[in-house]
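Here's the structure, in structure tokens; my notes come after.
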Amino acid sequence: QVQLVESGGGSVQAGGSLRLSCAASGRAFSSYARVWFRQAPGKEREFVAGISWSGTYYADSVKGRFTISRDNAKNTVYLQMNSLKPEDTAVYFCAAKDGPITGRRPEYDYWGQGTQVTVSS
């Protein structure tokens, strides 16, 4: 059974940092695109960052503040979030697909359950 499990969420003040992790099990994801989406209350789920064989990609709203990385030996992807802002408050989801990174949610085959990030001003 394939599972993606996020961790590392929490509450932080504006300007602070958090590091999210997404551990995969059930199969090897080394060749898969691994991404992070987020969903704020009352808003649609949006693409945040992705990493694949072709490189890393970021939403404009997080460029320069967030860094995505992966450890294939651990089947884990990370999202280092610095200089957090209140508008970063959301549930963060990791996802994976066998193909190029896109911002289209239906294309992703595997999803985690999400982890809450709350940034206070």
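7 Å from Cα along Cα→Cβ at both A14 and S83: what's the point-to-point distance in nm?
Distance between label points: 1.4 nm.
If r is the Cβ-Cβ distance from T118 to D71 and R0 is 25 Å, what FRET efficiency results, to the nearest 0.05?
0.40
Work out the count of Lys pairs in the chain where the Cα-Cα distance is under 25 Å, with the pair 8 or more places apart or on different chains.
6
I'd like to check one number: the per residue accessible area of the chain, probe 1.4 Å, reported in Å² as a whole number.
So the chain comes to 51 Å² accessible per residue, rounded to a whole number.
What net charge do the residues around Y57 carry, taking every other residue with its C-beta under 12 Å from that of Y57, with Lys and Arg at +1 and Asp and Glu at -1?
After counting each charged neighbour, the total is +1.
Could you tell me the accessible area of D98 in Å² (1.4 Å probe, neighbours in place), rounded to the nearest ten?
The accessible area of D98 comes to roughly 110 Å².
Using Cα centres only, tell me the gap between the stretch 62-121 and the stretch 12-60 in whole Å.
Centre-to-centre distance over Cα atoms comes out at 2 Å.
For the chain, modelled as a GNM with alpha-carbon contacts under 10 angstrom, which of A40, A95, A73 fluctuates the most?
Highest fluctuation of the listed residues: A73.
A28 to A59: FRET efficiency via 1/(1 + (r/R0)^6), r the Cβ-Cβ distance, R0 35 Å, to the nearest 0.05?
E between A28 and A59, to the nearest 0.05, is 0.80.
Considering only protein heavy atoms and a 1.4 Å probe, what is the carbon-and-sulfur percentage of the accessible area of the stretch 24-100?
Here it works out to 49 percent.
The values are calculated or read from the model by the stated rules, or taken from the named source; none is laboratory data. This structure is a prediction, so every number in the text was calculated from the model and none was measured. Quick reminder, even Gly has a Cβ in these numbers, built from the backbone with ideal geometry, and neighbours come from all protein chains shown. SASA here: full protein model, heavy atoms, side chains in, ligands and nucleic acids out. Shrake-Rupley method; radii C 1.70, N 1.55, O 1.52, S 1.80 Å.
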